[in-house]
Amino acid sequence: MNNLPQFLEELKREMLISPKSVWDIARDFQTEMLEGLAGRPSSLKMLPSQLNNPNGQEMGTFLALDFGGTNVRVLLVELAGDGVFQIRKNSSFLLKNEKQSYDYTSGSTKAEELFDFIASKIAELIESRQTYYLGHTFSFPFRLEGINQGFLINWTKEFKTAGVEGENVSRLLQEALKRQKLNNVIPIAILNDTVGTQLAGAYGDNNCRLASILGTGHNSCYLEDKIIINLESGNFSRLPRTKYDRQLDELSESPGSQLLEKMVSGRYLGELIRLIILQLIEEGLLFGKSYGLFKKSNSLTGAEVSLILVDRTANLSTIKNLLEENFSLLGSSYLERAALQEISNLLMVRSACLAAATYLGVLEHIDSKLEKRHTIAIDGSLFEKMPGYAQTLEKTLQRALGENAEKISLLLTKDGSGIGAAIAAAVNVQKNR
Ligand code: GLC
């Protein structure tokens with residue numbers, strides 16, 4: 001390619017998901033769901049949660065542990081019924097902090113160290129004289145035994161902590177709580193964050209049968225015959241991939257897996273854009289062949305992609321500052337900054353189209369004629385904060401469904417995984433009575 005506009009034209013073609021391919025992907029997704037449900041080989045794990053939609057009358061105060069990324073939260077949630085809840089207390093902490101030089105997600109950390117750290121943070125939030133039932137949101141693929149024993153199948157999102165894969169995560173947490181002498185904390189539920197979001201969405205809305213996370217990671221769940229099923233859709237693999245997707249996959253901790261997540265989620269979107277920028281610099285089409293800090297892997301974050309997309313200044317000065325301050329690249333031209341914005345936009349739109357295609361696949365499976373109304377509960381930074389993301393998702397569904405699209409509502413379900421953990425705890429306390 002010998003000029004920037006030509007490169008961008010070609011990239012646009014590669015990244016475009018046409019209305020026809022949206023439906024092709026949706027149908028392939030539906031086929032994989034059926035294969036997974038039948039226990040045949042499938043990229044979708046279809047993990048049953050043993051939880052149904054709540055009836056809305058779950059009440060009481062519960063402790064929630066939301067463990068799904070490097071930012072872990074502990075919440076005390078009061079459920080008041082009919083979709084009403086309040087977060088009474090709330091703390092968050094990082095599992096990885098370069099400044100304080102610790103990293104509980106790395107392969108050299110042992111399971112016990114990770115869970116001791118988490119238990120010590122739970123200790124900081126609670127009173128010693130009170131008893132708490134705890135719902136544990138664990139946002140990774142796990143297999144459930146009984147109502148509260150979750151076995152991690154494999155780490156995702158670049159986690160590597162040793163001694164957790166294949167293990168009973170509920171036991172690891174329970175033993176760490178014991179070592180902290182937290183006998184007043186009783187774990188009673190373990191659930192995926194998508195399942196938490198589903199419970200939180202359905203707590204106040206009967207039409208909610210599909211929930212999704214569009215944040216650091218990407219995954220969805222849905223209600224099948226009174227049981228919420230975690231699709232682990234981030235691992236879906238029948239996808240039109242580009243050479244940048246393959247490159248990113250090869251450089252990742254888990255080549256060959258989580259292919260959809262690697263095209264959609266915030267953990268990878270910036271990295272994909274960075275790989276495209278590297279290619280442009282290499283070809284001499286951007287920044288006069290200087291790389292600045294773009295050579296460093298994962299140096300472009302999802303939050304920075306949002307900043308690039310939101311820049312409406314005449315001179316694209318937000319992008320200019322970002323390049324100067326975060327990437328040590330001085331003297332970029334307007335056209336170069338516009339190219340960066342266009343690339344970010346192409347990747348954002350592709351992500352939203354792919355997510356929409358998978359929702360269509362689920363809707364085809366649960367209500368192909370769209371006889372009912374459906375609320376899709378969604379949480380995560382892409383959906384909540386990335387400029388243009390929610391609109392693109394909605395537009396893609398509208399284009400695919402025509403008039404029927406008015407039966408579908410997208411519901412931002414903030415803190416869904418924490419609220420959902422409290423609802424799951426409430427449900428399981430009832431089951432145990
Ligand atoms: C990853 C995990 C999945 C989780 C999602 C969103 O895809 O495998 O379990 O739901 O991230 O956090």
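The values are calculated or read from the model by the stated rules, or taken from the named source; none is laboratory data. Note that the structure is predicted; figures quoted are calculated from it, not measured. Positions of Cβ are backbone-derived with ideal geometry, glycine not excepted, and every protein chain shown enters the neighbour counts.
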How many residues does the stretch 268-292 contain that are acidic (Asp, Glu) and surrounded by 19 or more Cβ atoms within 10 Å (Cβ to Cβ)? 1
Return yes when residue 227 is under 19 Å from residue 49 (Cβ atoms) and surrounded by fewer than 24 Cβ atoms within 10 Å (Cβ to Cβ) and no when it is not. yes
So which of 132, 104 ends up being in contact (Cβ under 8 Å) with a residue 60 or more places away in the chain and within 28 Å of residue 213 (Cα to Cα)? 132
Which of the residues that make up the stretch 17-66 are aromatic (Phe, Trp, Tyr) and out of contact with any Asp or Glu (no Cβ under 9 Å at 6 or more places or on another chain)? 23
Mind listing whichever residues of the stretch 141-187 are over 24 Å from residue 46 (Cα atoms), part of a strand (DSSP E or B) and under 21 Å from the mean Cα position of the chain (by Cα)? none
Report the residue count in the stretch 136-151 for those that are within 22 Å of residue 418 (Cβ to Cβ), modelled with pLDDT of 95 or more and more than 10 Å from the ligand (Cβ to nearest atom). 4
Among the listed residues 156, 131, 161, which satisfies the condition of being touching a Leu at 6+ places or on another chain (Cβ under 6 Å) and β-branched (Val, Ile, Thr)? 161
Looking at 295, 289, which is the one that is modelled with pLDDT under 95 and either within 25 Å of the chain's Cα centre (by Cα) or more than 19 Å from residue 347 (Cβ to Cβ) (or both)? 289
Considering every residue within the stretch 156-163, establish whether at least one is at pLDDT 95 or above and either closer than 24 Å to residue 90 by Cα or within 13 Å of the ligand (Cβ to nearest atom) (or both). no
Hey, among the residues in the stretch 94-124 that are among the aliphatic types (A, V, I, L, M) and surrounded by fewer than 17 Cβ atoms within 10 Å (Cβ to Cβ), which one's farthest from residue 162 (Cα to Cα)? 123
Restrict the check to the stretch 158-177 and report whether at least one residue is surrounded by 21 or more Cβ atoms within 10 Å (Cβ to Cβ) and closer than 22 Å to residue 380 by Cα. yes
Meets criteria (loosely packed, with under 14 Cβ neighbours inside 10 Å and in contact with a Ser or Thr (Cβ under 9 Å, 6 or more places away or on another chain)) for residue 71: yes
Conditions first: (1) at negative phi; (2) touching a helix residue (DSSP H, G or I) at 6+ places or on another chain (Cβ under 6 Å). Residue 78 passes all but one, so which condition is the exception? (2)
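Yes/no per residue for (1) modelled with pLDDT of 95 or more; (2) part of a helix (DSSP H, G or I); (3) more than 30 Å from residue 281 (Cβ to Cβ); (4) touching a helix residue (DSSP H, G or I) at 6+ places or on another chain (Cβ under 7 Å):
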position: 14; (1), (2), (3), (4): yes, yes, no, no
position: 17; (1), (2), (3), (4): yes, no, no, yes
position: 44; (1), (2), (3), (4): yes, no, yes, yes
position: 54; (1), (2), (3), (4): yes, no, yes, yes
It is to be established whether one or more residues within the stretch 415-423 are surrounded by fewer than 16 Cβ atoms within 10 Å (Cβ to Cβ), touching a residue at least 60 places away in the same chain (Cβ under 8 Å) and in contact with a helix residue (DSSP H, G or I) (Cβ under 7 Å, 6 or more places away or on another chain). no
Set 92, 128: member being in contact with a Lys or Arg (Cβ under 6 Å, 6 or more places away or on another chain), of a type in the set (Ser, Thr, Tyr) and over 16 Å from residue 187 (Cβ atoms): 92
Looking only at the stretch 62-103, how many residues end up being part of a loop (DSSP other than H, G, I, E, B) and either away from the ligand (no atom under 16 Å from the Cβ) or touching a Leu at 6+ places or on another chain (Cβ under 6 Å) (or both)? 7
For the stretch 230-247, give me each residue that is out of contact with any Cys (no Cβ under 7 Å at 6 or more places or on another chain) and crowded, with 21+ Cβ neighbours inside 10 Å. 232, 233, 234, 235, 236, 244
